[in-house]
Structure formats: C-alpha cells, structure tokens
Amino acid sequence: MIPATFTQTSEREWKLSGSWTVLGLEHLTQQIATQACASGEVTLEGSDLEALDTAGAWVLQRWLRQHGARAALSHWPPRLEKLMALVATHPEGPLVQPPEVSLLARAGKTAADGLRQALDLLVFIGETAGAAMRLLAHPARIRWRTVLRNIQLGGFEALPITGLMAFLLGIVVAYQGADQLRHYGANIFVVDLVGYAMLREFAPLITAIIIAGRSGSSYAAQIGTMLVTEEVDAMRTLGIEPLELLVLPKVAALAIALPLLTIWADVTGVFGGMVMARVQLDIGFHEFIDRFGRELHGASLLIGVGKACVFAIIVAIIGCFQGFRTRGSADSVGRQTTISVVQSIFLVIVADALFSVVFSKLEL
Amino acid sequence: MVTPEPVLRMSKVCTRFGSHVVHQDVDLEVLRGEVFAIVGGSGSGKTVLLREMVMLQRPTSGAIEMLGADITALGEEESLALRKRWGVMFQHGGLFSSLTVRENVGLPLREHSTLDDELIDAIADWKLSLVGLAADAGLKFPDELSGGMLKRASLSRAIALDPELLFLDEPTSGLDPASAAGVDELIRRMHSLYGLTIVLVTHDLDLLWQVCDRVAVLGEARVLAIGSMEELSHLEHPIIRGYFDDPRARKARERAAA
C-alpha cells in the first residue's frame with residue numbers, strides 16, 4: 001500500500017495519489033492542515049489515486065470547507081466520486097457532546113445514590129427474611145440439594161486455602177509475640193496469645209475474608225450474569241421465587257459452612273502457633289496443649305464461631321444483593337462483583353469492631 | 001461482460017465436533033460485489049461456516065481462500081492485515097457494553113490509525129447517520145438501545161473501516177417487520193455505496209428475495225444448491241422446497257415481484 005500524498009500542480013489544481021484510506025493517511029492529516037487553498041472551485045486530479053475511503057473523503061472535504069472551496073474531480077473512478085459527493089452533502093455541525101454535570105450535582109448524586117443503595121439493602125434484607133419465614137412455614141419446599149451443593153462449593157472446597165492461611169497466621173502471631181514475651185521470661189504465655197487471638201479474632205476474620213473473596217464474589221457474578229441473560233426473569237415467570245432459589249440456599253449454606261470453616265481455621269491456626277512456639281521459645285507440643293486446655297475456655301471458641309455465623313450472613317447477603325443490582329451489561333457484572341467483595345469485607349470488619357465493643361461492655 | 005473474480009473460495013471444508021459432522025466437503029465461491037446468502041435449518045451449521053470464514057474457528061479440514069490468501073495457513077501479521085479488510089456484524093450486536101455507541105464505531109479507527117480523536121468522532125457520527133441513527137444515539141450505551149438500533153449500530157461498526165467484505169449474521173432476526181425492512185434497505189444501500197461484497201446468514205425470506213444475488217442452501221452437512229432464488233425455486237429437494245412452498249414464502253416472493 002502506498003501512503004497518501006498530495007501535491008499542488010498549479011494554483012487551482014492539486015494532484016492526489018496513493019491510498020487515501022484509514023491505513024494510508026497517517027501524517028497527511030497534519031500536513032494538509034498547513035496547506036492553504038484558494039476559495040472557489042479547485043480541481044482535484046485523481047488519476048493516480050489508488051484508493052479512497054470515508055476517512056480520506058472526510059479529510060479532503062473538511063479541508064475544502066475550511067477554505068470555502070468546492071472540489072471539481074478530474075479522472076476519478078466513478079465509485080469514489082459517489083462517495084466523495086455523499087460526504088460533501090453531510091453538514092459538519094459541532095459534535096454532540098454529553099451534557100456537562102457540575103461538581104455539586106455529581107456530589108449530590110453520589111450521596112443520593114449511596115442513601116438509596118442503603119435503603120435498597122434494607123429492603124433486600126427484609127425481603128430475604130420474609131422469604132425465609134415463608135419457607136420455614138413450608139419446610140418441604142426447602143431446597144436441601146442446592147444448600148448441600150453450596151456447602152460443598154463454598155465450604156468443603158475452601159478447606160485447603162482457609163487451613164493454610166490460618167496456619168500461616170498462627171505462625172505470624174506466635175513469632176511476633178515470641179520476642180516480646182522472651183524479654184519478660186513469660187514464654188509460656190504464647191499459648192494464651194495464640195489461643196485467644198486465633199479463636200476469638202483471627203480465625204473467624206480470615207475465614208470470612210477468604211469466603212468473601214471466593215464465594216461472595218461468585219454469588220454476585222452468577223446472579224448478575226443470570227440477570228443479564230434474563231434467566232432471573234424466566235424464573236419469575238415460571239413461578240419460582242428467585243430469592244428462594246438463588247439467595248436463601250446460599251445464605252443457609254454459608255451460615256453452616258463458615259462456622260465449620262472457622263473451627264477448622266482454629267485448629268490449623270493454633271497448630272501453626274504451636275510449631276512456632278516450639279521453634280522459637282522451646283515450648284514442646286505437650287506443654288503447649290496442656291496449658292491450652294487449662295487456660296482457654298469454651299466461651300472463646302463459641303464467641304468466634306458465633307461471629308463467623310454473622311459474618312457468613314453478611315457475606316452471602318451482600319454478594320447476592322450486589323448481584324441483583326447488576327444492570328444490563330458485562331461491564332456492570334464486573335463492577336458489582338468488585339463492589340460485593342469490598343463491601344462485604346468492609347462490613348465484616350465493622351461488625352467485628354462492634355462485637356469487640358459489645359463484648360468489652362459485657363466483659364466477656 | 002467479465003466474470004467477477006471470487007473473493008472467497010471454500011473447498012472441501014469439513015467440520016466435526018467430536019463425532020458430530022457439521023460440514024462434509026462444503027464447496028462454495030463468493031464473487032466480488034455480490035450479496036451472497038447462506039440459508040439452512042437450525043443446526044445446519046450456517047453460523048459455524050460464517051465463523052470459519054472470519055477466522056473465529058478452524059475447519060477440521062479443507063481450504064478457505066479469502067481475498068487471495070489461504071486463511072488456514074496465515075501468520076499473525078497477515079491475518080491482522082486481512083481482518084482489517086472485512087467487517088463483521090454479529091447476531092446479538094457484539095457491541096462493547098462499556099463503551100458508548102460512538103466509541104464502539106470509532107474503536108476500529110482508533111486501533112488501526114493515527115487519526116486524531118475529533119476526526120474519528122466525526123467519522124463515527126457520519127457512519128451512524130448512514131445507518132439511520134440520530135446523533136444523540138452515539139452517546140448512549142448499547143444496553144440503552146432497542147433491538148433495531150442495536151443492529152444498526154453494529155452494522156455501523158462493521159463498516160467503520162470501509163471494508164471490502166461484510167459478514168452479517170442474521171441481520172434481521174428479532175426485529176419487527178418495519179425495522180427488518182429498514183435493515184434490508186440499509187444493506188442494499190451499503191452495497192451500492194461501497195460496492196462491497198456481502199455474505200450473510202439469514203432466515204428472512206424477504207431479505208433473500210429482495211437483496212440477495214445468490215443463495216447457498218445448507219443441509220445434510222453439505223451445500224444442497226447454490227443459485228439465485230429464481231433458480232432455486234425450480235429445484236425439487238424437500239429442504240429447498242421449504243423456502244418456496246409455504247404461504248409465507250409465497251407472500252415474500254410476491255412482495256419481491258411487486
């Protein structure tokens with residue numbers, strides 16, 4: 001392909017050659033802007049013109065219009081003449097631009113959207129609770145198979161990753177504590193440190209965060225995609241309540257799976273701490289387990305598991321809620337999935353902080 | 001009159017998915033400047049054939065020659081160069097949902113040229129007006145468009161680079177009769193304006209009668225017949241008869257004759 005070129009042969013005549021196409025124009029658009037052209041009729045010689053497309057015709061016509069000139073085409077292929085003429089008839093008005101939105105209006109819209117989303121979330125929680133009540137009144141309609149399937153996907157298959165993460169976390173907690181405790185000769189207290197930290201805080205929190213990233217996001221993406229492909233509408237027209245089929249089994253499954261995963265994380269986390277205590281502080285497994293049994297109470301375990309139950313509901317509800325907020329496109333599915341993860345982790349930590357405040361008031 | 005050269009030639013193309021044979025020795029030629037339709041029942045492999053032509057799928061065996069190049073044996077650069085010479089309009093539009101309609105149409109220009117943004121937007125708007133969309137439609141996102149507008153916007157993107165060849169997958173499916181007639185008209189207009197070669201897959205009898213020069217009927221994993229609708233109407237094969245014998249088919253023929 002020969003690049004487009006353009007030379008003045010006389011005052012009112014220009015010779016075009018090469019490919020005046022999207023691919024052939026290259027720097028010609030800048031070059032043509034610097035050339036002056038007489039107003040009135042200008043001859044464009046096209047015998048060497050290899051090709052011309054809309055972009056080429058557009059560039060030529062714009063140039064002519066800027067100088068108040070009209071084109072007389074000589075030796076042009078008939079088809080290109082037609083295209084050139086068609087482009088010439090198109091009035092070049094200013095481009096339509098999206099309306100400007102002021103900063104204040106944007107801030108207001110963001111605030112209003114946030115508020116509306118919070119209200120929508122409340123409505124969603126209410127509807128889900130209502131659907132759960134209706135389902136409990138007719139226990140035969142509970143979809144146990146779906147619940148079990150969700151437990152397998154969200155719980156059982158998450159065992160390796162939660163176990164590994166909690167184990168590593170146990171190592172980190174013990175390692176950070178070991179140095180401080182050694183200063184005071186209080187090596188054995190590493191058991192209390194690891195035990196309380198894992199059982200009450202870290203195990204439920206790390207499990208909830210992993211599940212928010214694993215299951216919460218997949219719930220949002222699944223429901224969002226089903227909305228885009230009109231599967232949710234189809235469900236409604238077939239008389240199946242989407243909340244009952246899509247949301248409740250997920251909430252129930254996580255409410256069962258997350259506490260169990262937390263207990264599993266307790267075990268591997270404490271084991272991680274135990275390994276570190278032996279390496280760094282010379283506390284044997286036997287000694288560790290002995291003190292663990294005497295110092296830690298069932299209450300700590302139950303507090304952690306109870307928190308996990310709440311976290312599970314938060315993660316499942318937010319994942320489903322954001323999924324249902326998807327509007328129309330692939331882009332929206334991605335955005336809602338991201339929001340679901342960020343929002344559920346945020347809310348899990350907020351809830352955890354609230355628990356700490358409440359427990360300190362109750363002196364638990 | 002000089003016989004036009006073929007721009008697309010498929011020879012002995014076979015496609016199999018596992019043990020399921022979709023095409024067995026499909027041979028066809030599309031000539032420069034014609035409107036060529038591929039028809040056939042559901043599952044006869046029309047769309048698969050179209051996807052093979054535009055290099056989205058490889059046939060199991062056989063050769064496809066496009067604009068003088070064997071597309072089953074092309075390097076990366078040659079296939080990119082070839083892709084710029086054709087436009088494809090997908091059945092469901094295939095517009096990018098995160099871009100406005102104007103950005104969708106301007107995307108091929110932006111990707112493949114060094115033209116400035118203002119010029120690209122102006123050209124995109126012009127292409128949108130060519131397919132009959134108002135200027136403010138360019139600012140909308142694809143999910144805000146109706147079915148007919150979506151098809152038009154998609155066609156507009158397919159012709160963004162002024163291609164030599166245009167592939168249309170079911171251009172009128174899912175449209176009301178008035179919009180479908182509008183798309184018929186549009187295809188005719190594009191054809192006369194750019195003199196391009198159009199290959200389309202369709203079920204639309206009006207489109208077949210009024211716009212298409214030649215039609216290939218797919219069935220039983222092969223090409224049953226190729227010819228103008230007039231020529232096909234004399235054939236006796238039951239699948240082909242289906243396009244002529246029922247009342248809807250007769251009406252479409254009468255409308256075309258009128």
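Could you run through the stretch B:142-159 and say how many residues are over 25 Å from A:ALA88 (Cβ atoms), in contact (Cβ under 8 Å) with a residue 24 or more places away in the chain and facing chain A (nearest Cβ under 10 Å)?
Final tally of qualifying residues: 2.
Give the residue, chosen from A:ALA158, A:ALA257, A:ALA166, A:ALA208, that is farther than 24 Å from A:GLN336 by Cβ and assigned to a helix (DSSP H, G or I). Full working, then the answer.
On the way: A:ALA158 fails: farther than 24 Å from A:GLN336 by Cβ; A:ALA257 fails: farther than 24 Å from A:GLN336 by Cβ; A:ALA208 fails: farther than 24 Å from A:GLN336 by Cβ.
Going through A:ALA158, A:ALA257, A:ALA166, A:ALA208 in turn, just one is farther than 24 Å from A:GLN336 by Cβ and assigned to a helix (DSSP H, G or I): A:ALA166.
Output the residues belonging to the stretch A:17-56 that are outside any strand (DSSP E or B) and over 19 Å from B:ARG110 (Cβ atoms). Write out each step before concluding.
Step one: of the stretch A:17-56, the residues outside any strand (DSSP E or B) are A:21-39, A:53-56.
A:GLN31, A:ILE32, A:ALA33, A:THR34, A:GLN35, A:ALA36, A:CYS37, A:ALA38, A:SER39 - these are the residues of the stretch A:17-56 that are outside any strand (DSSP E or B) and over 19 Å from B:ARG110 (Cβ atoms).
Restricting to the stretch B:187-210, give me the number of residues that are open to solvent by 10 Å² or more (accessible area, probe 1.4 Å) and more than 14 Å from every other protein chain (Cβ to nearest Cβ). Break it down stepwise before answering.
To start, the set of residues in the stretch B:187-210 that are open to solvent by 10 Å² or more (accessible area, probe 1.4 Å) comprises B:188-189, B:191-195, B:203-206, B:209-210.
In the following step, the residues that additionally are more than 14 Å from every other protein chain (Cβ to nearest Cβ) were identified as B:188, B:203-206, B:209-210.
Looking only at that region, the number is 7.
So which residues in the stretch B:89-108 are open to solvent by 30 Å² or more (accessible area, probe 1.4 Å) and in a strand (DSSP E or B), if there are any at all?
Within the stretch B:89-108, just B:PHE90 meets the criteria.
Looking at A:TYR196, A:TYR219, which one is of a type in the set (Phe, Trp, Tyr), modelled with pLDDT of 90 or more and under 18 Å from the mean Cα position of the chain (by Cα)? It would help to see each step written out before you state the result.
On the way: A:TYR196 fails: under 18 Å from the mean Cα position of the chain (by Cα).
Only one candidate qualifies: A:TYR219.
In the stretch B:109-141, what count of residues is obtained for those that are open to solvent by less than 10 Å² (accessible area, probe 1.4 Å), assigned to a helix (DSSP H, G or I) and more than 9 Å from chain A (Cβ to nearest Cβ)?
3
Quick check on my filter: what residues within the stretch A:301-323 are within 27 Å of B:GLU144 (Cβ to Cβ) and either polar (S, T, N, Q) or open to solvent by 40 Å² or more (accessible area, probe 1.4 Å) (or both)?
Listed by number, the list holds a single entry, A:GLN322.
Could you give every pair whose Cβ atoms fall below 8 Å, whose first residue belongs to the stretch B:232-244 and is without any contact (Cβ under 8 Å) to a residue 60 or more places away in the chain, and whose second residue is assigned to a loop (DSSP other than H, G, I, E, B) and of a type in the set (S, T, N, Q), counting only separations of at least 6 or pairs across chains?
Pairs found: B:PHE244/B:SER233.
Could we say that A:ILE339 is surrounded by 19 or more Cβ atoms within 10 Å (Cβ to Cβ) and either out of contact with any Pro (no Cβ under 9 Å at 6 or more places or on another chain) or farther than 19 Å from A:MET226 by Cα (or both) here? Give the steps one after another, and end with the answer.
Working: surrounded by 19 or more Cβ atoms within 10 Å (Cβ to Cβ): no; either out of contact with any Pro (no Cβ under 9 Å at 6 or more places or on another chain) or farther than 19 Å from A:MET226 by Cα (or both): yes.
Against the criterion (surrounded by 19 or more Cβ atoms within 10 Å (Cβ to Cβ) and either out of contact with any Pro (no Cβ under 9 Å at 6 or more places or on another chain) or farther than 19 Å from A:MET226 by Cα (or both)), A:ILE339 does not qualify.
If B:VAL26 meets every condition in (1) in contact with a Lys or Arg (Cβ under 7 Å, 6 or more places away or on another chain); (2) in a strand (DSSP E or B); (3) under 23 Å from B:GLN210 (Cα atoms) apart from one, which number is that one?
Unmet for B:VAL26, out of (1) in contact with a Lys or Arg (Cβ under 7 Å, 6 or more places away or on another chain); (2) in a strand (DSSP E or B); (3) under 23 Å from B:GLN210 (Cα atoms): (3).
What's the total number of residues in the stretch A:57-67 that are within 14 Å of chain B (Cβ to nearest Cβ), open to solvent by less than 70 Å² (accessible area, probe 1.4 Å) and more than 28 Å from B:TRP86 (Cβ to Cβ)?
Of the residues in the stretch A:57-67, the ones within 14 Å of chain B (Cβ to nearest Cβ) are A:57-63, A:65-66.
Subset that is open to solvent by less than 70 Å² (accessible area, probe 1.4 Å): A:57-63.
Subsequent filtering for residues that are more than 28 Å from B:TRP86 (Cβ to Cβ) retains A:63.
Looking only at that region, the number is 1.
Take the residues in the stretch A:222-244 that are among the small types (Gly, Ala, Ser) and under 28 Å from the mean Cα position of the chain (by Cα); name whichever of them is most open to solvent (accessible area, probe 1.4 Å).
Of the stretch A:222-244, the ones among the small types (Gly, Ala, Ser) are A:224, A:234, A:239.
Still in the running and under 28 Å from the mean Cα position of the chain (by Cα): A:224, A:234.
On the way: A:GLY224: 0, A:ALA234: 45 Å².
Looking at residues that are among the small types (Gly, Ala, Ser) and under 28 Å from the mean Cα position of the chain (by Cα), I get A:ALA234.
So if I check each of B:ASP70, B:ASP169, which one is under 30 Å from B:SER19 (Cα atoms), at pLDDT 85 or above, crowded, with 17+ Cβ neighbours inside 10 Å and away from chain A (no Cβ under 14 Å)?
The conditions single out B:ASP169.
Just one of the numbered conditions (1) surrounded by 13 or more Cβ atoms within 10 Å (Cβ to Cβ); (2) at positive phi; (3) of a type outside the set (Val, Ile, Thr) is not true of A:GLY24; which one?
(2)
The rows are residues; the columns are (1) within 14 Å of chain B (Cβ to nearest Cβ); (2) charged (D, E, K, R).
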| position | (1), (2) |
| --- | --- |
| A:VAL22 | yes, no |
| A:LEU25 | yes, no |
| A:CYS37 | no, no |
| A:LEU44 | no, no |
| A:GLU50 | yes, yes |
| A:ALA55 | yes, no |
| A:ALA69 | no, no |
| A:SER74 | no, no |
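Within the stretch B:149-158, is even one residue farther than 30 Å from B:LEU82 by Cα, open to solvent by 10 Å² or more (accessible area, probe 1.4 Å) and assigned to a helix (DSSP H, G or I)?
If we filter the stretch B:149-158 for residues that are farther than 30 Å from B:LEU82 by Cα, which is where we start, we get none.
Within the stretch B:149-158, not a single residue is farther than 30 Å from B:LEU82 by Cα, open to solvent by 10 Å² or more (accessible area, probe 1.4 Å) and assigned to a helix (DSSP H, G or I).
Within the stretch B:58-88, which residues are aliphatic (A, V, I, L, M) and either more than 20 Å from B:THR47 (Cα to Cα) or part of a helix (DSSP H, G or I) (or both)?
Residues of the stretch B:58-88 that are aliphatic (A, V, I, L, M), as a first pass: B:63-64, B:66-67, B:69, B:71, B:73-74, B:80-82, B:88.
The answer is B:LEU67, B:ALA69, B:ILE71, B:ALA73, B:LEU74, B:LEU80, B:ALA81, B:LEU82.
What residue, of A:THR262, A:THR229, A:THR225, is over 19 Å from A:GLN322 (Cα atoms) and of a type in the set (Ser, Thr, Tyr)?
Numbers: A:THR229 fails: over 19 Å from A:GLN322 (Cα atoms); A:THR225 fails: over 19 Å from A:GLN322 (Cα atoms).
One residue alone meets the criteria, A:THR262.
Every residue in the stretch B:122-177 that is of a type in the set (Val, Ile, Thr) and more than 19 Å from the chain's Cα centre (by Cα), please.
Residues of the stretch B:122-177 that are of a type in the set (Val, Ile, Thr), as a first pass: B:123, B:131, B:159, B:172.
Across the stretch B:122-177, the qualifying residue is only B:ILE123.
Kindly evaluate A:GLY108 against the criterion of being over 23 Å from B:TRP126 (Cα atoms), over 45 Å from the mean Cα position of the chain (by Cα), open to solvent by less than 70 Å² (accessible area, probe 1.4 Å) and not acidic (Asp, Glu).
On the way: over 23 Å from B:TRP126 (Cα atoms): yes; over 45 Å from the mean Cα position of the chain (by Cα): no; open to solvent by less than 70 Å² (accessible area, probe 1.4 Å): yes; not acidic (Asp, Glu): yes.
Against the criterion (over 23 Å from B:TRP126 (Cα atoms), over 45 Å from the mean Cα position of the chain (by Cα), open to solvent by less than 70 Å² (accessible area, probe 1.4 Å) and not acidic (Asp, Glu)), A:GLY108 does not qualify.
Which of (1) in contact with a His (Cβ under 8 Å, 6 or more places away or on another chain); (2) farther than 21 Å from A:LEU25 by Cβ is the odd one out, the single condition B:LEU95 does not satisfy?
Going through the list (1) in contact with a His (Cβ under 8 Å, 6 or more places away or on another chain); (2) farther than 21 Å from A:LEU25 by Cβ, B:LEU95 breaks only (1).
So, in the stretch A:82-105, of the ones that are more than 16 Å from A:TRP14 (Cα to Cα) and in contact with a strand residue (DSSP E or B) (Cβ under 8 Å, 6 or more places away or on another chain), which residue ends up surrounded by the fewest Cβ atoms within 10 Å (Cβ to Cβ)? If you could, list the steps in order and put the result at the bottom.
Initial filter on the stretch A:82-105 (more than 16 Å from A:TRP14 (Cα to Cα)): A:82-83, A:85-105.
Imposing the further condition that a residue be in contact with a strand residue (DSSP E or B) (Cβ under 8 Å, 6 or more places away or on another chain) reduces the set to A:83, A:88.
Values: A:LEU83: 20, A:ALA88: 15.
Of everything passing the filter in the stretch A:82-105, A:ALA88 is surrounded by the fewest Cβ atoms within 10 Å (Cβ to Cβ).
May I ask you to verify whether A:ALA353 is open to solvent by less than 60 Å² (accessible area, probe 1.4 Å), free of Cβ contacts under 8 Å to residues at least 12 places away in the same chain, among the aliphatic types (A, V, I, L, M) and away from chain B (no Cβ under 14 Å)?
yes
Here's a check for you: in the stretch B:218-250, which residue that is in a helix (DSSP H, G or I) and surrounded by 14 or more Cβ atoms within 10 Å (Cβ to Cβ) is nearest to the chain's Cα centre (by Cα)?
First, pick out the residues of the stretch B:218-250 that are in a helix (DSSP H, G or I): B:229-232, B:238-241, B:247-250.
Retained after the next criterion (residues that are surrounded by 14 or more Cβ atoms within 10 Å (Cβ to Cβ)): B:229, B:232, B:239-241, B:249.
Working: B:MET229: 18, B:LEU232: 21, B:ILE239: 22, B:ILE240: 21, B:ARG241: 24, B:ALA249: 22 Å.
Within the stretch B:218-250, the match that is nearest to the chain's Cα centre (by Cα) is B:MET229.
Listed residues A:MET235, A:MET276; which is modelled with pLDDT under 90 and part of a helix (DSSP H, G or I)?
Numbers: A:MET276 fails: modelled with pLDDT under 90.
Checking each option against the conditions leaves just A:MET235.
The values are calculated or read from the model by the stated rules, or taken from the named source; none is laboratory data. In this text the structure is predicted, and so the values were computed from the model without any measurement. Note that we place each Cβ from the backbone using ideal geometry, even for glycine, and neighbour counts take in every protein chain shown. The area values use the complete protein model at the heavy-atom level, side chains included, leaving out ligands, DNA and RNA. Shrake-Rupley method; radii C 1.70, N 1.55, O 1.52, S 1.80 Å.
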